[in-house]
Amino acid sequence: MAKKGKNGIIHLENSPYILSYAAAVGKKEGEGPFAAYFDCVDMSPSPDGCSWEQEESGLQQKALHTALKKGGFEASDIDILYAGDLLNQSISSTFGLREFGIPFVGLFGACSTMSLSLSMASLAVDSGAAEKAAAVTSSHFCTAERQFRTPVDYGGQRTPSAQWTVCGSGAVIVGKSGKVRICDILLGKITDLGQTDANNMGAAMAPAAADTISRYLDATETEPSDYDMIVTGDLGTVGSQLLHELLIGTGIDISLVHKDCGMMIFDLEKQDVHAGGSGCGCSASMLCGYILRKMEEGELKNVLFCATGALMSTTSSQQGESIPGICHAVHLTA
């Protein structure tokens, strides 16, 4: 059974494992440096009459279907499905996954949803509530721009701190045996230092990442050098620099092992994404594409996965509210 430890860390004593995983991405992500690690790359234009929201739902369908197929599972083998996305009422997940007929728990963790859904699936398997559980999330550039900023049809200018929301989805199947073990999790605290710029998500989320990482290292009495990789979700160039500065202020230097999915998924020199990638699908695609593949192959053995999210809405931004951040940590070992 799961056991609570220092700083709220949850040790998963029954050792849930990742049984299968898959990542489905769009054209721009398929032109990036990690294209070879994604299971599905959709390079074709959208069918006539297909909305951007339907495209995003399709990414979730592809990711979960592929993860089930790779593991040799049927949808009926999955006891609980945890999923969420960035859109109102999580419509990408509800419409995208309804055809699978799996008991569904909708989640909202903004861009932290991959680590949040993976945490929930791990707790379900560890507790015995499920034999197998799935964690899924997605994002899409056009759906996010339409909901949170300026619809792409308007041709609005993007600030240098803005990030490019990834068109992508990741799906993970969690069970009781496998090559990659989920050791423990640390759920994040809502952290808010007053950032109000909806075009600077990295600055809004960096304080939450710093809080979670520092609490996790303190709870486990480990150093950054004990990990092959400490992965943040989508802080981009601005947020990653702020994260390093915040942690250095507390005596923690993660610079040698830190990787940010928002800085990895695109070629920042050749692809015009400004400060990097963002969105639920950013960390989901990198986890379910590159990171887990490298763990299975033995190249990475000890990874702290810390997806980050900005807990905002269009209403809160229009009312002048600040943008709270969240970061959930999942410790993976091979």
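Residue by residue, here is whether (1) within 17 Å of Ala129 (Cα to Cα); (2) of a type outside the set (A, V, I, L, M, F, W, C); (3) surrounded by fewer than 21 Cβ atoms within 10 Å (Cβ to Cβ) holds:
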{"site": "Ala2", "(1), (2), (3)": "yes, no, yes"}
{"site": "Ile10", "(1), (2), (3)": "yes, no, yes"}
{"site": "Ser20", "(1), (2), (3)": "no, yes, no"}
{"site": "Gly26", "(1), (2), (3)": "no, yes, no"}
{"site": "Glu29", "(1), (2), (3)": "no, yes, no"}
{"site": "Pro33", "(1), (2), (3)": "no, yes, yes"}
{"site": "Cys40", "(1), (2), (3)": "no, no, yes"}
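Report whether or not Ile265 is more than 26 Å from Val136 (Cα to Cα) and in contact with a helix residue (DSSP H, G or I) (Cβ under 7 Å, 6 or more places away or on another chain). Considered against the rule, which asks whether it is more than 26 Å from Val136 (Cα to Cα) and in contact with a helix residue (DSSP H, G or I) (Cβ under 7 Å, 6 or more places away or on another chain), Ile265 comes out as no. Scanning region 181-229 for residues that are in a helix (DSSP H, G or I) and aromatic (Phe, Trp, Tyr) turns up just one, Tyr216. Exactly one residue out of Thr196, Thr150 is among the β-branched types (Val, Ile, Thr), outside the structural domain of Thr315 (by TED's automatic domain parsing) and at pLDDT below 85: that is Thr150.
Region 236-334 holds helices (runs of 4 or more DSSP H) entirely within its bounds, and those carrying 1 or more residues that are surrounded by fewer than 18 Cβ atoms within 10 Å (Cβ to Cβ) map to 236-248, 292-296, 314-318. Residue selection: Pro33 satisfies the criterion of being of a type outside the set (A, V, I, L, M) and either under 28 Å from Val273 (Cβ atoms) or touching a Pro at 6+ places or on another chain (Cβ under 9 Å) (or both). If you go through region 65-89 and keep only what is crowded, with 21+ Cβ neighbours inside 10 Å and without any contact (Cβ under 8 Å) to a residue 60 or more places away in the chain, you end up with Leu81, Tyr82, Ala83.
The values are calculated or read from the model by the stated rules, or taken from the named source; none is laboratory data. What you see is a predicted model; the values in this text were computed from it and never measured. As a convention, Cβ positions derive from the backbone with ideal geometry for all residues, glycine included, and neighbour counts pool all protein chains shown.
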